[in-house]
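*Asks:* Starting off with a structure, shown below.
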Amino acid sequence: MKNVRDLCLDGKIAVEQWFRTARHVSDLYRRKLVKGARRTTRREKRRLKVLERRSLQEYGKKSLHLALRSKPIRAKAQRILLSWSATLLSLLVVFAFLLFATQTNNWKASEVNLAAAQIIGAALALVLSLSIIPAQRAAELFSMAILRLYAKDNTLLAAFVILVGTTMISLLLGSNWLAFDSYARVSVAIQFLLIGISFDALRWFYTRTLDLLIPQSAIELVVRECNAQISQANDNADRLIRLDDAAGASLQSRSWIRATIITRSGVPRSLKYWTSQLEEFAHRFVARKDTSAVDGIVAALADIGGRYVEGRRDSVILHLDADNLFAGRLSDIEEVLNPIYESIQLIIIDAIGSANERIVRNAIVQQGTLARLAVSVTSKDGSGLQSAPLAFAAAYYLDRSVRAAEKASMIDAVLAGIESLQALLLTRDASIPTNEMKAQVQEALFELAVASYRQSDSHIVPYRSVSGLLRCMAHEIEGGDFSEIDFKDMLAQVAQLLPYEIRMDLGNRRQLMTFPPYSLGFEHSIPMLLQSVAAKVHVDNDRPWADPFSDFLEASEEIRHHYRSVCRMAFGDALLRKWIVESLLACVQIHLHLIKSPIEGTEPFLAPVFDSAEHLISWTSGFFPDSEPPAKFAATDAANGLAIMGMDALEEGWFDIARACASAISALANNSAGVKPEPYTLGDLHERLEILARAADVLGNATLSAEFRAMISRPMTILDTDWPHFLSARATRFRQLDEALGSAGRLYPRPDDPVERLHAIIVAKKRRGGTTRT
């Protein structure tokens, strides 16, 4: 305590000295200002006040920091003081006794020592009688195996040895076996010290007995026993490996030695025994609704499995299972891990039956942590090919646990499971083939989303599941492991989930959350995945003839097929159609960016990128078929994006892209008049074609302007009697276009307004000295 107090006092003095120095500097600066000028300005006064306030704040921070640093030291000192309180008190008594006790002629030291021996012996008897209490408790809550661990507890054994030792020394002092003048005085002083030590030992025993009544103590003893066995086996293996290294053995030989010693030492069998015991304890505590005890048991299971995996990381030996040859090469580590997985899964099922979601969630988190550790274990066969033999089993058991929670509608536990499944793919080494594990995780995420759509109204689980699929695909692309087949399968899964998402959108059950594959705000949406593939485009200097856009074009083709399959779905008035069309146009923008700013050396290979962009644009009208009523605002929004994209293409000289945009707007206009023709909807679309035509006029391309205006025609589905109404609506829109152009050029124009884009083209043409036609 003195050291702690001195540390705090020194720190406080140092801080105060620093503060006085800062204040002294501030005073000197103030005197200098006063000396240099007759009066100090208001700004300088304000600056001085700020400096003073900052000094006070810094002083407070330093004082708080020193106080926080001193708390652990102070707490440790208090624990030591309480643990040895009787001994310290007896030292004070001994000191007072030796200082003031001078008349020792009439003392009967032997009787005092024997009486003290009786007192300590009574304490020892009390210890032995109290020891039956934790034994009975262990037999009720746990099993007879825990009694053996209690009997070997170091604290109980130390207290027993201390009490036996002090009793024997007291009897020895009472026998007067040493004869010298001050024997009585010294023996009584020693006896005081022995009694203090005995009382402290008795207190330790009492405290430890109370600790052993807590279930967590039994769990700690089991974990300590398992860790001790694993450490002992590893130490034995290390000693033999050092001898083997001296003989110049190979790396494979060392792996065989470690694996053989650990498996032949009985450690796997012992670990399976203790894990089964922990599982049995967990079922009892689930019935008692002791959540903290069950969480501790699950954490202990994960800790035992993790330590065993770490101990066997350098000794992974693969073998074939004679009963199942098609399972491939397996590792004996699974003989310990798989029972732990099964135990955690059975605990989860029991907790689901008790409707305890906290246990289920924590168990899934612990199982996911152990699974990630198992996935990181690799092995190399004779041909040098690396593999992760523990990966599939880890994903399989985690999938079963998460699906059990999903069937029970435990949303928090399912979300934790989705994060754990996703982490298996995000943390794996991409250079090691884990196709089975990857397929298992992807299937699990997909099935969780489907089951959640069918069983509950929650939109969080599908959102997280699909986000996990997209995030895992982005991780593969960024790691340079792009696979056209995996990309195609992922898009097919998204297409299968889309009907469920449309029903949720029409039922007004999705709010403030857009379906992740088509959300431009999500960092791994379909356009962002295509952008990640585009970022990997490079020229191979060793093979300059190779197409640098091969992966990009493959991804673009799969995306185009995806949108083609999706556009046939019946969206109704679902707002999801708008986000899908915007994501399609975002994919087109990625193509145009590659064309506009090509990587050096890729210019001769840009023609297929142009074609891919045109094909994507052509499928925009497919989302607004003539067999459905026009969607609210969606067709007009799509035409706005196409018109802006067409004007950008005209400025860059990409006339085919501009024609594709105009053709898509014309198809939108014809489709909008299919079932329920609306004059002003058709007028809006014709207005976008007129905007494109005027942009072509401004840029001096009369041929394209004529082509665009030729597309402003009467759809075949409109009757002759109704056509005058459509002409009137079109004239109104064109007049409003002229008025909007006259008032365009705002300080903060909308980026999705084609009128503002046309006005910008006109202004730019005027600045270059050209003539315009509005």
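*Asks:* Scan segment 522-541 residue by residue and report those that are under 14 Å from Glu554 (Cβ atoms) and not in a helix (DSSP H, G or I).
*Replies:* Lys536, Val537
*Asks:* Can you name the number of the only condition in (1) touching a helix residue (DSSP H, G or I) at 6+ places or on another chain (Cβ under 7 Å); (2) of a type in the set (Asp, Glu); (3) over 25 Å from Ile349 (Cα atoms) that Asp303 fails?
*Replies:* It fails just one condition, (3).
*Asks:* Right, next: Give me a count of the residues in segment 353-380 that are of a type in the set (A, V, I, L, M), over 16 Å from the mean Cα position of the chain (by Cα) and surrounded by fewer than 20 Cβ atoms within 10 Å (Cβ to Cβ).
*Replies:* Final tally of qualifying residues: 1.
*Asks:* Also, I was wondering about something else. Counting only residues that are touching a Leu at 6+ places or on another chain (Cβ under 9 Å) and buried (at least 23 other Cβ atoms within 10 Å of the Cβ), how many does segment 290-307 have?
*Replies:* 6
*Asks:* Also: Within segment 404-418, identify whether any single residue is touching a residue at least 40 places away in the same chain (Cβ under 8 Å), farther than 28 Å from Met513 by Cβ and assigned to a helix (DSSP H, G or I), and answer yes or no.
*Replies:* So far as segment 404-418 goes, no, none of its residues is touching a residue at least 40 places away in the same chain (Cβ under 8 Å), farther than 28 Å from Met513 by Cβ and assigned to a helix (DSSP H, G or I).
*Asks:* Restricting the search to segment 549-575, which residues are part of a loop (DSSP other than H, G, I, E, B) and not small (Gly, Ala, Ser)?
*Replies:* Phe549, Cys567, Arg568, Met569, Phe571, Asp573, Leu575, listed by residue number.
A quick yes/no check of all residues on (1) buried (at least 23 other Cβ atoms within 10 Å of the Cβ); (2) polar (S, T, N, Q):
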site: Leu592; (1), (2): no, no
site: Ser597; (1), (2): no, yes
site: Ala635; (1), (2): yes, no
site: Ala638; (1), (2): yes, no
site: Phe655; (1), (2): no, no
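*Asks:* Of the numbered conditions (1) at pLDDT below 85; (2) under 20 Å from Gln367 (Cβ atoms), Leu320 satisfies every one except a single condition; which is it?
*Replies:* Only one criterion in (1) at pLDDT below 85; (2) under 20 Å from Gln367 (Cβ atoms) is unmet by Leu320, namely (2).
*Asks:* Here's a follow-up. Given the condition within 28 Å of Ala643 (Cβ to Cβ) and in contact with a His (Cβ under 7 Å, 6 or more places away or on another chain), answer yes or no: does some residue in segment 531-552 qualify?
*Replies:* Going residue by residue through segment 531-552, those that are within 28 Å of Ala643 (Cβ to Cβ) are 531, 533-534, 549, 552.
From what's left, in contact with a His (Cβ under 7 Å, 6 or more places away or on another chain): none.
Scanning segment 531-552, I find no residue that is within 28 Å of Ala643 (Cβ to Cβ) and in contact with a His (Cβ under 7 Å, 6 or more places away or on another chain), so the answer is no.
*Asks:* Right, next: Going by the structure shown, is Arg730 free of Cβ contacts under 8 Å to residues at least 12 places away in the same chain and assigned to a helix (DSSP H, G or I)?
*Replies:* Answer is no for this residue.
*Asks:* Oh, and also: Report, by residue number, each residue of segment 445-460 that is crowded, with 23+ Cβ neighbours inside 10 Å, more than 16 Å from the chain's Cα centre (by Cα) and either on the phi > 0 side of the Ramachandran plot or among the aliphatic types (A, V, I, L, M) (or both).
*Replies:* Looking only at segment 445-460, we keep the residues that are crowded, with 23+ Cβ neighbours inside 10 Å, and these are 445, 448-449, 452.
From what is left, the residues that are more than 16 Å from the chain's Cα centre (by Cα) are 448-449, 452.
Matches in segment 445-460: Leu448, Ala449.
*Asks:* Now for a different question. Going through segment 408-437 one residue at a time, which ones are of a type in the set (D, E, K, R) and either at pLDDT below 90 or over 30 Å from Ser354 (Cα atoms) (or both)?
*Replies:* Matches in segment 408-437: Arg428, Asp429, Glu436.
*Asks:* Also, I was wondering about something else. Working carefully through the options Ala201, Ala228, Ala218, Ala233, find the one that is closer than 25 Å to Val294 by Cβ, in contact with a helix residue (DSSP H, G or I) (Cβ under 8 Å, 6 or more places away or on another chain) and modelled with pLDDT of 80 or more. I'd like the intermediate steps shown before the answer.
*Replies:* On the way: Ala201 fails: closer than 25 Å to Val294 by Cβ; Ala228 fails: in contact with a helix residue (DSSP H, G or I) (Cβ under 8 Å, 6 or more places away or on another chain); Ala233 fails: closer than 25 Å to Val294 by Cβ.
Criteria check complete, one pass: Ala218.
*Asks:* Among the residues of segment 625-642, is any assigned to a helix (DSSP H, G or I), more than 24 Å from Ala729 (Cα to Cα) and modelled with pLDDT of 90 or more?
*Replies:* Among the residues of segment 625-642, not one is assigned to a helix (DSSP H, G or I), more than 24 Å from Ala729 (Cα to Cα) and modelled with pLDDT of 90 or more, which makes the answer no.
*Asks:* Among the residues of segment 702-754, what is the count of those that are loosely packed, with under 12 Cβ neighbours inside 10 Å, at pLDDT below 85 and of a type in the set (D, E, K, R)?
*Replies:* 3
*Asks:* Sticking with this one: Is there a residue being touching a Gly at 6+ places or on another chain (Cβ under 6 Å) and more than 22 Å from Ala534 (Cβ to Cβ) anywhere in segment 610-631?
*Replies:* Yes, because at least one residue in segment 610-631 is touching a Gly at 6+ places or on another chain (Cβ under 6 Å) and more than 22 Å from Ala534 (Cβ to Cβ).
*Asks:* Also, quick follow-up: Can you name every residue in segment 433-478 that is outside any helix (DSSP H, G or I) and under 19 Å from Ala391 (Cα atoms)?
*Replies:* Pro433, Thr434
*Asks:* Any residue that is under 51 Å from the mean Cα position of the chain (by Cα), without any contact (Cβ under 8 Å) to a residue 60 or more places away in the chain and outside any loop (DSSP other than H, G, I, E, B) - is there at least one of those in segment 739-754?
*Replies:* Yes: one or more hits.
*Asks:* Could you go through segment 214-235 and let me know if any residue there is within 30 Å of Gly121 (Cα to Cα), assigned to a helix (DSSP H, G or I) and acidic (Asp, Glu).
*Replies:* no
*Asks:* Can you name the residue in segment 479-507 that is touching a residue at least 40 places away in the same chain (Cβ under 8 Å) and not in a helix (DSSP H, G or I) and, of all such residues, is nearest to Thr427 (Cα to Cα)?
*Replies:* Taking the candidates together, the pick is Gly479.
The values are calculated or read from the model by the stated rules, or taken from the named source; none is laboratory data. As the structure is a prediction and not an experimental result, all values here were calculated from the model. Cβ atoms come from the backbone with ideal geometry, glycine included; neighbour counts cover every protein chain shown.
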